[in-house]
Amino acid sequence: MDDKESSQEVPLPVRVIGIIFNLRKPTSEGDPDDLYEEYDSQSTVDALASEIESFGFKTTLFEQNEELFRKLTTNRPDFVFNIAEGTGVGRGRESQIPCLLESLGIPYSGSDPVSLGISLDKYLTNLVLKHEGVPVPFVALFRDEADLDKADHLFQRDGQIYIAKPRWEGSSKGVFKDSLCRNAEELRKNVLRIFERYKQPAVAEAFLPGVEITVGVIGNGSDARAIGMMKITERKPSNDGIFLYSLEHKRDWQEKILYEGPEAIDENVRKQAASVAIDAFRALELRDVARIDMRMDKSGILRVIDINPLPGLSPYYSDLPILYSLSGGNYHDLVSKILEAAFKRYRLFHEGA
């Protein structure tokens, strides 16, 4: 065995963990007010750093900006906890930091650039999951205005409803109360709004009328497991009984949204939700942690509507910590489990442990 092969068999110690992030900031005039919706507050970064330090590590904070490369090379951490969403509006933005870290040979938490790129793109995610046998809703793609003619064909069945969404956004960006489309005219209007506001293609996703559930998954490959789930409903249901978990809901979740833990979900539905989430996690070859959103169709099948491979980690308002808490866990253990999954994958260890 040569030296290279030998070094790969020896667990490497981690003393300093860097945290790479994007800080939420005010939008400029003319920009969508949800442009930085996915970015983190300083309180989230500080809370995560505090938890990591409680395990005996030192932390170094790295905001993604023009100084990041220099700082990483002059103050190189042993490992990076990546929560950066990336800059710009392209569909590869979540891959920016993993690509940089891989080029520098720095191990990091979370999924690799390919999985992140696919998962952000709702259309490609739908194609991959469908091919892998994971249940998903029907989705139609609108690349440009030439595709607007598709709208008429989508409403051939009475009562069909679609949700117009930006093709590559997260955190419910671009999903508003009026994103539900009941006819071709409403769909065309919403698609054009996405073209103008978000400078990207749009998807029309068949609306699923059943319960919405989000599931947290941690691990890698065959070790991936569901660590909790919650049901998401409105505190005050609308008159028509149709619930869309929109941007307005997320921004005012304490007043408008009711989160309920596993005990509020039928046992058979819980089993189905965990199975679907793990299948989706493995199909997209995600790593370490993710949150999988799904809704139930008329026949009782849970279908994946969104993948969150960089789930929010605010201990105050993010869905993953909330669902983990409702499932009997706490923030300290959640951060520990993410680190444990990543360290195991890289064969790393904490020298002070």
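Those residues that are modelled with pLDDT of 95 or more and either open to solvent by less than 40 Å² (accessible area, probe 1.4 Å) or among the small types (Gly, Ala, Ser) (or both), I need them from the range 338-353; list them, please.
Within the range 338-353, Ile338, Leu339, Ala341, Ala342, Phe343 qualify.
Could you list, ordered by first residue, the pairs with Cβ atoms under 6 Å in which the first is in the range 142-155 and more than 14 Å from Glu185 (Cα to Cα) and the second is in a helix (DSSP H, G or I), at least 6 apart or interchain?
Partner pairs satisfying both residue conditions: Phe142/Val191.
Of all the residues that make up the range 66-98, how many are among the small types (Gly, Ala, Ser), open to solvent by 20 Å² or more (accessible area, probe 1.4 Å) and out of contact with any Gly (no Cβ under 8 Å at 6 or more places or on another chain)?
So the count comes out to 2.
Among what's in the range 20-50 and is open to solvent by less than 70 Å² (accessible area, probe 1.4 Å), over 25 Å from Glu102 (Cα atoms) and of a type in the set (Asp, Glu), pick the residue that is modelled with the highest pLDDT.
Within the range 20-50, the match that is modelled with the highest pLDDT is Glu37.
Tally time: how many residues in the range 323-337 are buried (at least 19 other Cβ atoms within 10 Å of the Cβ) and in contact with a Ser or Thr (Cβ under 9 Å, 6 or more places away or on another chain)?
Of the residues in that region, 4 qualify.
Can you tell me which residue is most open to solvent (accessible area, probe 1.4 Å) among those in the range 99-156 that are closer than 30 Å to Leu72 by Cα, among the hydrophobic types (A, V, I, L, M, F, W, C) and over 21 Å from the mean Cα position of the chain (by Cα)?
Leu104
Of the residues Leu320, Leu313, only one is under 15 Å from the mean Cα position of the chain (by Cα), touching a residue at least 40 places away in the same chain (Cβ under 8 Å) and in a helix (DSSP H, G or I); which?
Exactly one residue qualifies, and that residue is Leu320.
Please name all residue pairs, on different chains or six or more residues apart, with Cβ atoms under 7 Å, provided the first residue is in the range 33-55 and is in contact (Cβ under 8 Å) with a residue 12 or more places away in the chain and among the aromatic types (Phe, Trp, Tyr) and the second residue is open to solvent by less than 50 Å² (accessible area, probe 1.4 Å) and in a loop (DSSP other than H, G, I, E, B).
If the second residue must be open to solvent by less than 50 Å² (accessible area, probe 1.4 Å) and in a loop (DSSP other than H, G, I, E, B), the pairs left are Tyr39/Asn22; Tyr39/Glu85.
Considering Lys189, Lys231, Lys236, which residue is of a type in the set (D, E, K, R) and in a strand (DSSP E or B)?
Values: Lys189 fails: in a strand (DSSP E or B); Lys236 fails: in a strand (DSSP E or B).
Step by step, each of Lys189, Lys231, Lys236 is checked, and only Lys231 is of a type in the set (D, E, K, R) and in a strand (DSSP E or B).
Determine whether Asp240 is more than 24 Å from Leu302 (Cβ to Cβ), open to solvent by 20 Å² or more (accessible area, probe 1.4 Å) and not assigned by the TED database to the domain that holds Tyr39. Break it down stepwise before answering.
Working: more than 24 Å from Leu302 (Cβ to Cβ): no; open to solvent by 20 Å² or more (accessible area, probe 1.4 Å): yes; not assigned by the TED database to the domain that holds Tyr39: yes.
In short, no.
For Gly261, state whether it is closer than 27 Å to Ile161 by Cα, more than 17 Å from the chain's Cα centre (by Cα) and among the small types (Gly, Ala, Ser).
no
The values are calculated or read from the model by the stated rules, or taken from the named source; none is laboratory data. These numbers come from a predicted model, not from an experiment. Note that we place each Cβ from the backbone using ideal geometry, even for glycine, and neighbour counts take in every protein chain shown. Note: accessible area is taken over every heavy atom of the protein model, side chains too, but ligands, DNA and RNA are not part of it. Shrake-Rupley method; radii C 1.70, N 1.55, O 1.52, S 1.80 Å.
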